[in-house]
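Below is one structure, written out as structure tokens; the observations come after it.
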Amino acid sequence: MIYFFTQLQIENKMLQRIVINIFPILFLTSCGLIPPKWIRYNGGKQAVASAYHLSKKPFFFSDLIDTAAFYITSEVLTVSNKEGRVLHKDVTYYRYLRFNGQGIAFSRILMLEYPTRDIAEKMERGQYGFYSVNDQTVKVEFYNHDTKVFEYWFGRIQPNGDIHFYKRKGRPWGTYTGKINYVYKKTPANLKTPIIFPIEEWANEYYYY
């Protein structure tokens, strides 16, 4: 079997151990470390909307976000087997983000093919989340499947429309904070497919993971 590891994933696994060791079981429910309710949707699993804190916050749209475009970044990964032996180095993979005008975001990561307009339109095998904008700062909330907690990414909107994500924080506050360096390049595409957060009625099934 082949495993894909990036530096961020390695850090995530270390953070997961820290989170588990720091927070006792009795504190898990109140601080949000119990896994959320999931629905099976579009070939994967998606946390329900109510599990995201930003879903409960008032949203104010900013025209600095282009809802007809998608945002692309890339990263180099290492491919290794289960014994840890490196099979391939310097393999590029891609991730992209989309936003709508109501505070919902869609992200797909670990793509070995460059994201095209058609891929961005279909929005398959990714995760829906929520976002907010304050001046030039974007805050995006997704579930981190490596650390097993929700996570905020903070980015600054650049003059050319790109978004530079520079920091991430685990939720609840105090779990972890770290520097990141991802520049998501704005890619005009005149996208038409609306970003609608999956609801339980659409799901194949739902469950507590």
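Rule-based calculations on the coordinates, nothing more; no lab input. These numbers come from a predicted model, not from an experiment. Every residue, glycine as well, gets a Cβ built from its backbone with ideal geometry; the counts of neighbours run over all protein chains shown.
Here 125, 98, 171 are placed in order of increasing Cβ neighbour count within 10 Å, fewest first, which gives 125, 171, 98. Separation of the alpha carbons by more than 24 angstrom is noted, of 82/148; 37/179; 89/139, for 37/179; 89/139.
Identify all aspartates and glutamates with a Cα-Cα distance to residue 57 below 15 Å; exclude those on the same chain that are fewer than 8 residues away in sequence. Answer for residue 57, where 15 Å is the Cα cut-off: 141, listed by chain and number. Estimated at 0.36 nm per residue, the fully extended path between residue 112 and residue 192 surpasses their Cα-Cα distance by 26.4 nm. Scalar couplings 3J(HN,Hα) for the stretch 169-174, obtained by applying the Karplus form with A = 6.51, B = -1.76, C = 1.60 to θ = phi - 60°, are 9, x, 10, x, 4, x Hz; x denotes Gly and Pro. Computed from phi, the 3J(HN,Hα) profile of the stretch 126-135 under the Karplus parametrisation 6.51, -1.76, 1.60 (θ = phi - 60°) reads x, 10, 8, x, 10, 8, 9, 10, 10, 6 Hz, with x in place of Gly and Pro. When each of 168, 156 is scored by the number of other beta-carbon atoms lying within 10 Å, the sequence from fewest to most is 156, 168.
Residue 134 label point, 7 Å along Cα→Cβ, cut-off 12 Å on backbone N: hits in the stretch 150-171? Under 12 Å, as judged by backbone N against the label point of residue 134, lie 154-155 of the stretch 150-171.
Given contacts defined as C-alpha pairs under 8 Å and at least six residues apart, what's the relative contact order of the stretch 100-168, whole-number percent? Before the final figure, lay out the partial values.
Working: 97 pairs, mean separation 14.9, N = 69.
Relative contact order, the stretch 100-168: 22 percent.
Listed from fewest to most Cβ neighbours within 10 Å, the set 180, 119 follows the order 180, 119.
A Förster distance of 45 Å, applied to the separation of the beta-carbon atoms of residue 185 and residue 50, puts the FRET efficiency at 0.90.
Segment residue 89..residue 177, full-extension length gain: 28.9 nm, with 0.36 nm per residue of separation and the alpha-carbon distance subtracted. Taking amide H positions as modeled 1.01 Å from N, with prolines and chain starts lacking one, the residues under 5 Å from residue 77 and 5 or more places away or on another chain are 90, 91, 92, 93.
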